[in-house]
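Accompanying notes for the structure given below.
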Amino acid sequence: MDANQRKAMQGVVKETLENLEKNAFRAAFVNDRNELLTLIASLIPEGAVTASGGSETLLETGVMEWIKTHTDYRTERKEAYGADFYLTSANAVTRHGELFEVDGRSNRVSAMLFGPENVIAIAGINKLVPNLRAAAERVKTMAAPPNCIRLAKDTPCAKTGHCVFPDFSDVHLSAQGCASPDRICSNHVIFSRQMVKDRIMVIIVGEEYGY
Ligand code: SF4
C-alpha cells in the first residue's frame, strides 16, 4: 500500500472505528505490529489467564509469542471460557461496525460469544470490507482456501484455491459450499451491536496480516 492508498484508507478506518464504538465495541487503531504489541502489553496484566483461537494474525504480529511468555496461557479449549482475556483475529470487519467470523468446530466463535471477561479481536487492514456480503465473499475467496491448506484439510478449496460455490449473491451468502467433513466454514457469526459494552475490543492494524 503506497502513501496515497494509505491516506484514502484513513477515512475507511475512521468510519469503521466510529461505527464499532456505536455498536458498543471498544475500538482502536495502531499503525504497525510494534504499536500493537505495546497496546497489548498495556491492556493485559502480566500473569492474566489468556487463551486464543487459532490465528495466523496472532502468529505474524508476535502477539501469540507475547501472550505465551507474559501471561498464564491456557491451551485446553474449554478453559478458554474462564479466561481473563481471549485473543483472536477477525475474518472481516465491516464499515458498518460489524465483526464477521466463520468457524468449523467453533471453539473460537463460541468463546468470542460467551465466557471470557475480555475479548480482543485483531484485524489487519486487509480485513476491512464495506459490508456483510463482501465479508462473506472475502471468507470464501481469501480466507478459507489458505486456512484449509494451513490446517491440512481435505476440502475442494485446498486443492483448487477457491470455493466450489462461487456465488455470493444475497440468497447464497454464507450457507452454500462443499460437503466435505473437513469443511471449515460451517458457522457464520455476525457480531453486531453488543449487549455488554466494551467486552469485545477490536484493534485494527495499519498493515496486512493473516488471511
Ligand atoms: S465451503 Fe468448502 S470449498 Fe468452500 S471455502 Fe469452505 S471449506 Fe472451502
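The values are calculated or read from the model by the stated rules, or taken from the named source; none is laboratory data. Note that the structure is predicted; figures quoted are calculated from it, not measured. Cβ placement follows ideal geometry from the backbone for every residue including glycine, while neighbour counts extend to all protein chains displayed.
The table for this structure:
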item: Residue in region 159-203 that is nearest to C148 (Cα to Cα), counting only those that are at pLDDT below 90 and small (G, A, S); result: G177
item: Residue in region 97-113 that is farther than 17 Å from S55 by Cβ, away from the ligand (no atom under 16 Å from the Cβ) and either in the same structural domain as G54 (by TED's automatic domain parsing) or modelled with pLDDT of 90 or more (or both) present; result: yes
item: Residue under evaluation V189, criteria (1) farther than 28 Å from A48 by Cα; (2) more than 10 Å from the ligand (Cβ to nearest atom); (3) not hydroxyl-bearing (S, T, Y), criterion not met; result: (1)
item: Filter result for K14 (surrounded by fewer than 18 Cβ atoms within 10 Å (Cβ to Cβ) and free of Cβ contacts under 8 Å to residues at least 40 places away in the same chain); result: yes
item: Inter-residue pairs, beta-carbon under 7 Å, first polar (S, T, N, Q) and in region 114-127, second not in a strand (DSSP E or B), 6+ apart; result: N118/D84; N118/R199; N126/E208
item: Odd one out for A158 among (1) more than 10 Å from the ligand (Cβ to nearest atom); (2) in contact with a helix residue (DSSP H, G or I) (Cβ under 7 Å, 6 or more places away or on another chain); result: (1)
item: Condition check for M201: more than 16 Å from the ligand (Cβ to nearest atom), surrounded by fewer than 14 Cβ atoms within 10 Å (Cβ to Cβ) and not basic (K, R); result: no
item: Residue list for region 185-210, filter: among the polar types (S, T, N, Q), within 16 Å of the chain's Cα centre (by Cα) and within 19 Å of G115 (Cα to Cα); result: N187, S192
item: Condition broken by A51, with the remaining ones in (1) in contact with a His (Cβ under 8 Å, 6 or more places away or on another chain); (2) outside any helix (DSSP H, G or I) satisfied; result: (1)
